1. What residue, of Arg173, Arg123, Arg162, is in contact (Cβ under 8 Å) with a residue 40 or more places away in the chain and not small (Gly, Ala, Ser)?
2. Which ones in the range 572-587 are basic (Lys, Arg) and exposed (fewer than 12 other Cβ atoms within 10 Å of the Cβ)?
3. Given the conditions (1) modelled with pLDDT under 75; (2) touching a Lys or Arg at 6+ places or on another chain (Cβ under 7 Å); (3) surrounded by fewer than 17 Cβ atoms within 10 Å (Cβ to Cβ), report the number of the one that Ala179 does not fulfil.
4. Identify the single condition in (1) of a type in the set (A, V, I, L, M); (2) within 30 Å of Leu511 (Cα to Cα); (3) touching a residue at least 12 places away in the same chain (Cβ under 8 Å) that Val361 does not satisfy, given that it satisfies every other one.
5. Do the conditions hold for Val442, that is, is it assigned by TED's automatic domain parsing to the domain that holds Leu409, at negative phi and touching a Ser or Thr at 6+ places or on another chain (Cβ under 7 Å)?
6. Exactly one of (1) touching a strand residue (DSSP E or B) at 6+ places or on another chain (Cβ under 8 Å); (2) surrounded by 15 or more Cβ atoms within 10 Å (Cβ to Cβ); (3) touching a residue at least 40 places away in the same chain (Cβ under 8 Å); (4) not acidic (Asp, Glu) is unmet by Pro319. Its number?
7. For residues in the range 393-416 being buried (at least 24 other Cβ atoms within 10 Å of the Cβ) and among the aliphatic types (A, V, I, L, M), which is modelled with the lowest pLDDT?
8. Report whether or not Leu459 is of a type in the set (A, V, I, L, M), under 33 Å from the mean Cα position of the chain (by Cα), in the same structural domain as Leu487 (by TED's automatic domain parsing) and closer than 17 Å to Ala529 by Cβ.
Amino acid sequence: MTDDNPLSGTFLHSVSTGPGVYQMLGRKEILYVGKAVNLRKRLASYKRFTGGGHSKTSIMLSKVVRIETILTTTEKEALILEASLIKKHRPRYNVILRDDKTYPLIKITTKDKWPRIIVSRQRTRDGNRYFGPFSSTSAMRNTLKLLHSLFPLRRCKTFKHRDRPCLNFQMGRCLAPCADNVDKIVYDELVNQTIMVLEGRNRELIEQLTTKMNIAAKSLRFEDAATIRDQITALTRTLEKQVVVANHTRDQDIFGLARKDASISISIVFVRSGMVSGVQSFFLPDPIGSDEAILSESIVQYYSVRRHPPAELLLPFKPEDSALLQERLTELRGDPVKLHVPQRGKFIQLIKMANRNAVQVFSEQSKKRKSWNNLATLLVQSLNLLHDPDRIECVDISNIMGKNPVGSLVCFQNGVKYTRGYRQYHIRCKDEPDDYTMMREVLNRRIEKGLVDNNLPALMLLDGGKGQLNMAKKIVGTFGLTDEIDLVAIAKEKKEEGEKLFRPGRKNPILLSRHSPALLFLMRIRDEAHRFGITQHRKLRNKDILTSELDAIQGVGEKRKLQLLKTFGSLKRLKNASPDQLQEVPGIGPSLAESIYLQLNQKQ
């Protein structure tokens with residue numbers, strides 16, 4: 001195989017005919033990752049695109065200089081490995097679902113003797129009940145608020161017997177099982193009612209509560225009847241807001257797909273217990289492959305060990321390798337997963353709803369592009385920039401009296417945070433811990449790496465005034481990039497004066513209106529750099545504090561140090577601990593506990 005022809009006959013003859021994964025590499029990055037039942041046959045199919053052309057595949061192949069293959073035992077192993085490599089390397093031409101956040105779930109800890117309601121980001125096979133996901137955090141919070149008001153289950157994280165119940169009991173938010181204030185049968189009934197609400201069985205629950213209310217009223221237990229009446233009223237109001245889309249109580253994810261030129265959008269509608277619980281959409285600018293292949297790859301990328309599929313997926317058409325895909329989803333869920341392509345009836349309406357959501361993504365993308373184009377034009381005009389600011393980076397230096405200096409860099413592309421471009425620099429110049437020297441080091445290191453990776457910003461934003469700007473101008477000039485990178489310094493002045501912007505070659509600062517979209521956008525980038533820098537600096541500072549104090553204690557190694565911090569939670573609690581409390585930590589005997597106590601008190 002040569003760089004001139006990575007798909008030469010010599011190379012193809014050396015490729016295995018078994019299953020595996022192939023990686024197409026450019027000069028500096030992985031361009032594409034794919035899987036195949038027969039690697040040689042799959043790679044040979046690309047030869048028809050190597051004669052030039054304007055298709056996406058031809059353009060990609062023109063950049064490929066090397067192809068690497070990884071053999072697997074089965075096709076399913078290849079599928080899993082492909083998904084893992086795509087998530088790790090995020091190749092330019094693969095399907096990348098850029099919203100990696102995990103939506104929250106509501107968890108009922110039914111394995112506990114006295115269950116409680118909590119929020120979880122991960123569904124595990126621990127015997128507890130999970131409900132969701134909730135794409136809207138506010139909707140989930142409203143649901144939790146309703147459940148806590150209707151069913152006062154325990155709120156404390158750890159269950160301990162108490163002589164007197166806590167404040168939650170006094171406020172009517174807990175039945176205080178810790179103080180034996182509630183019968184186990186009554187408590188379990190509340191847990192079951194909570195599960196009924198989360199399963200969408202509100203009507204059934206309302207019927208049960210109505211019967212109980214009538215019985216309580218006939219027995220002259222009017223306070224109990226009034227409490228049940230309030231529960232019924234709250235449930236009825238909730239029922240009016242719920243959107244029922246199916247005549248069943250199953251969990252489903254409904255996929256919609258829309259194409260516009262080279263771009264594809266995918267929308268997923270979550271149906272839980274027959275009701276819509278949320279929608280999530282993705283925009284794919286120019287993925288390679290047929291719609292069937294892209295749908296299959298999207299499903300593989302979306303579900304994982306942390307995000308289990310529901311029992312049924314409704315799809316607009318049959319995806320590529322559907323049998324293999326179904327096997328993988330069943331493995332993730334631990335129970336059978338059905339892939340259904342409806343042709344008529346109620347389910348086809350659900351597919352149409354998902355497709356409409358997918359089409360809506362293009363409209364939203366168009367609005368975002370238009371909004372950014374207007375803002376970019378305003379930035380160019382207001383600051384007299386040489387280039388469109390499609391990539392903006394901002395540097396922040398965090399330190400306290402020169403200690404633990406950290407240089408942090410944030411990146412925005414087309415007006416949106418680009419977290420893959422965020423960088424943290426541990427300052428090496430210890431002899432001259434001043435902001436100018438530290439920023440000079442960060443800029444030098446960033447530009448040197450940017451020249452190698454060919455990813456320099458169009459605009460570099462500096463937190464500071466003329467001093468920082470002049471220093472950055474010299475560095476950019478040293479690399480011969482004066483006409484390639486625009487420089488802007490933003491300085492926070494007195495409240496009445498507002499922010500000042502400085503540009504090279506201009507004596508006076510640029511003063512924009514406080515409500516100028518251009519100024520507000522630059523301030524947002526500067527503030528994000530502050531946030532990122534302070535967060536990283538705080539981690540280093542806390543680590544330095546912990547290691548410096550605990551490492552000085554004789555008889556405490558790394559394992560015991562971690563055990564002490566895990567037991568007491570903080571250095572402050574550890575310092576306030578008595579020898580008897582220290583002795584309760586596994587691995588610490590009476591003499592060592594006394595020694596630690598004395599050493600900590602001597603430090604104090």
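1. From the options Arg173, Arg123, Arg162, the qualifying one is Arg123.
2. Lys572
3. With respect to (1) modelled with pLDDT under 75; (2) touching a Lys or Arg at 6+ places or on another chain (Cβ under 7 Å); (3) surrounded by fewer than 17 Cβ atoms within 10 Å (Cβ to Cβ), Ala179 is out only on (1).
4. Condition not satisfied by Val361: (2).
5. no
6. For Pro319, the failing item is (3).
7. Val406
8. Answer is yes for this residue.
The values are calculated or read from the model by the stated rules, or taken from the named source; none is laboratory data. Because the structure is a prediction, the values reported are computed rather than measured. Glycine gets a Cβ as well: all are built from the backbone with ideal geometry, and neighbour counts include every protein chain shown.
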